[in-house]
Amino acid sequence: MPNSHEDAPATDGSAMQRMVASSIKRISNDSPTALQELADIVDEWGSSFDFITTAAAITKAANLRRVQPAGVKPLLDTLAGTWDGVLEFAGPQALANVLWACGKLRCTNAHLWSSTWAAAAEQIQHSPQSFEGINFANIVHGLATGAAANKGQCCPGQHAAGYGTASDAGGSRAPRLFYLFVGGERAAAALQLAATSGAAVWRRLLGEAPLQRAADKGSVQAVANLVMTLARLSAPPAAAAAAGAAGAATAAAAGGAAGAATAAVASVPLLSQELAQQCAQELLQGKTAQQLENWPPQAVSNSLWACGRLGLREASFVNRAAAAAPVWLRDTNRADVVQIATACRLLQYSENQLMEQVVQRTAQLLSQLRGKGSDTIQSIGLTAVVAHAVAALDMQQLAGEVRQLVVKTGVTHSFELKAANAGLLWTVHQWLVQQQLLDGQGLAGLLSPQQLAAGKAAAAAHQAQQEQ
């Protein structure tokens, strides 16, 4: 997930514990020896770990999963036993970090999940003000990704069922059971999800009071992470229903009724788009989001992408971000620009010179990529997304700049385009030709007839897939 939830600094504990926790955090996530370094620390000091050090070790293990996924499980099992002994002393930050790590690890240790969530739930109930915005973001992200990995059962039902009523979470505006899950043909699957941890988790965590605290007092990272999480965990009801039906049909063919039931549960969005839109809008209207001059480029681009995914076209955040673009856009990287262009296309947003500035930044990045001898694939991928957004927005005044971006990629006629990029560039070519822009030849000449034919086929295949 963009803006990773990295280990938070220890806030208390003995000098030795702080030293060990600091050693854990200094382990490079990308080092080939990282897992062994962590295991050595656990072997040497693990018997004296407090809750801060244990939480730091579990979080580090989660960050190493992408490097050595197979080797993490035995270490996590050891740390889970240590965590059991210190859990009663754990504070909000440690609880939030462990729940986030469990989600990232797709942990199936039911006791680790349920005991940690039970402790967090008790503290949320009795001292909600002690949970800062980033803690809130980590808990939501952890429980949501864990539920997705465990077919909705991130915590056993006895710890969550009935915990927190709709009114507990913030009065009449609190989301209710059928507001949380997309219904329709998959109502039974939604109920199965809700019967475990889902409904209680979301009623408690997405109530008005926690959202308001995060929106007004949370860090920039906390707000951006929450908005991204909401966008990733939701889906438009129609699209979700179609995906669920297709998944169930495929599973039924392969494994009968049991397989179909599993596919249905797995495909149920954890949040309805309506709820995700409501919560994201509240976050982006809070005091933290009013101070865009303090937001790093990645936080802005992540949040804009989330607005696009959720369809928050009317959100004032988008206009404010566009107005401030001359400040934050200049430091964006390739991934940021892809997100911003995608957001503009999804939102049909062509105001406030934002796309014009995106095109200019793309040209700068292409020059940097070529100067570093980077792979042409990166340049073409960036150009295809940005050019496609310009075409989708019918910003004819940028036709010349779009063509020049393709020139700057350095693509040759013999270069084999990825199907996705070829399809996007074909769409741009069609737009230029149909609108009779420039010389009316589109991208012909810059791309070979074979490349254009491959793009046409890729675009047609994508269209057919969308219609199905």
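The number of residues in segment 81-101 being surrounded by 24 or more Cβ atoms within 10 Å (Cβ to Cβ) and farther than 20 Å from residue 41 by Cα comes to 4.
Can you tell me which of 328, 431, 426 is of a type in the set (Phe, Trp, Tyr), closer than 21 Å to residue 298 by Cα, assigned to a helix (DSSP H, G or I) and touching a helix residue (DSSP H, G or I) at 6+ places or on another chain (Cβ under 6 Å)? Don't jump to the end; show me each part of the working.
Numbers: 431 fails: closer than 21 Å to residue 298 by Cα; 426 fails: closer than 21 Å to residue 298 by Cα.
Only one candidate passes the filter, namely 328.
Taking residue 321, is it farther than 22 Å from residue 421 by Cα, in a helix (DSSP H, G or I) and modelled with pLDDT of 90 or more? It is true that residue 321 is farther than 22 Å from residue 421 by Cα, in a helix (DSSP H, G or I) and modelled with pLDDT of 90 or more. Selection within segment 127-141: residues that are in a helix (DSSP H, G or I) and at pLDDT 75 or above. The member of this set that is farthest from residue 59 (Cα to Cα) is 130.
Put simply, of 78, 116 the only residue that is among the hydroxyl-bearing types (Ser, Thr, Tyr), buried (at least 18 other Cβ atoms within 10 Å of the Cβ) and either at pLDDT below 90 or not in a loop (DSSP other than H, G, I, E, B) (or both) is 116. For segment 453-462, a residue qualifies if it is under 33 Å from the mean Cα position of the chain (by Cα) and under 28 Å from residue 404 (Cβ atoms), and the qualifying residues are 454, 455, 456, 457, 458, 459, 460, 462. Condition (residue is within 20 Å of residue 338 (Cα to Cα), in contact with a Leu (Cβ under 8 Å, 6 or more places away or on another chain), among the acidic types (Asp, Glu) and modelled with pLDDT of 95 or more) applied to segment 355-374: is it met by at least one residue? Yes, because at least one residue in segment 355-374 is within 20 Å of residue 338 (Cα to Cα), in contact with a Leu (Cβ under 8 Å, 6 or more places away or on another chain), among the acidic types (Asp, Glu) and modelled with pLDDT of 95 or more.
Of everything in segment 405-423, what is within 18 Å of residue 356 (Cβ to Cβ) and in a loop (DSSP other than H, G, I, E, B)? Give them in sequence order. I'd like the intermediate steps shown before the answer.
Restricting attention to segment 405-423, the residues satisfying the condition of being within 18 Å of residue 356 (Cβ to Cβ) are 405-406, 408.
Residues satisfying the conditions do not exist here.
The C-beta contact set for segment 388-400 (first residue modelled with pLDDT of 95 or more, second residue of a type in the set (Lys, Arg), distance under 8 angstrom, 6+ apart or interchain) comprises 388/345; 389/345; 392/345; 393/345.
Does residue 402 count as more than 28 Å from residue 309 (Cβ to Cβ) and in a helix (DSSP H, G or I)? So that I can check it myself, show each step before the final result.
Numbers: more than 28 Å from residue 309 (Cβ to Cβ): no; in a helix (DSSP H, G or I): yes.
In short, no.
Residues of segment 403-420 that are at pLDDT 95 or above and not aliphatic (A, V, I, L, M): 403, 404.
Restricting segment 302-329 to residues that are charged (D, E, K, R) and surrounded by fewer than 23 Cβ atoms within 10 Å (Cβ to Cβ), the residue that is nearest to the chain's Cα centre (by Cα) is 313.
The values are calculated or read from the model by the stated rules, or taken from the named source; none is laboratory data. Quick caveat, the model's predicted, so the values are computed rather than measured. Cβ sites come from the backbone with ideal geometry, for glycine too, and all protein chains shown count toward neighbours.
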